[in-house]
Each structure stands twice: as structure tokens, then as C-alpha cells.
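None of the figures in this text is laboratory data; all of them are computed from the coordinates on show. Just so you know, these numbers come straight off a predicted model, no measurement behind them. Cβ atoms come from the backbone with ideal geometry, glycine included; neighbour counts cover every protein chain shown.
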Amino acid sequence: MDSRISRIEAILPTLATKEDVALLDGKLSEKISNLDVKLTALIHTEIAAASWRMIIWATGVMTVSFGGVFFIARYIN
């Protein structure tokens, strides 16, 4: 019985208290909030960049297609 109590007493100082848990919860909530803001901004910038790439690609394809159609209509009879 005495050995069990001594093992418990050895472990007891390493256990977290309610205050420790509350402090960690506050820090974790703050970090998650900051991460949410950063990820949202990153997602918006990546979507905007991808949208511009698609617009540029579509404009290029349409320009080349128009050039091909113009060449065919003009020089191939």
C-alpha cells in the first residue's frame, strides 16, 4: 500500500491543474484564431491568382482560335 501511495505522490506534481488547462485552452484558441485568419487570406489570394491564370489562358486560347479561323477563312478557299 505504501509503495502505491509513493508512486502516486511521485506522479502528482507532474499532473496539470485546472488553471494550467484553462491557460493552455486560451493560448490554443488564440493560435487557432490567428491561423484561421492567415489561412483565409492565403486561400483568397490563391483563388484570385488561379482565376487570373484561367482568364489569361482562356484569352490566349480564344485569340489563337480566332487567328486560326481568320487564316482559314481568308486564305483557304
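Placing pseudo-labels 7 Å out from each Cα toward the beta carbon at ASN34 and PHE66 gives an inter-label distance of 5.0 nm. Taking Lys and Arg as +1 and Asp and Glu as -1, the other residues whose beta-carbon sits under 14 Å from that of ALA10 total 0.
Over the residues of the chain, the helix contribution to mean residue ellipticity at 222 nm works out to -32000 deg cm²/dmol, using -39500 (n - 2.57) for each DSSP H run of at least 4. For a straight C-alpha distance cut-off of 29 angstrom, the lysines reachable from LYS18 (same-chain residues fewer than eight places away being disregarded) are LYS27, LYS31.
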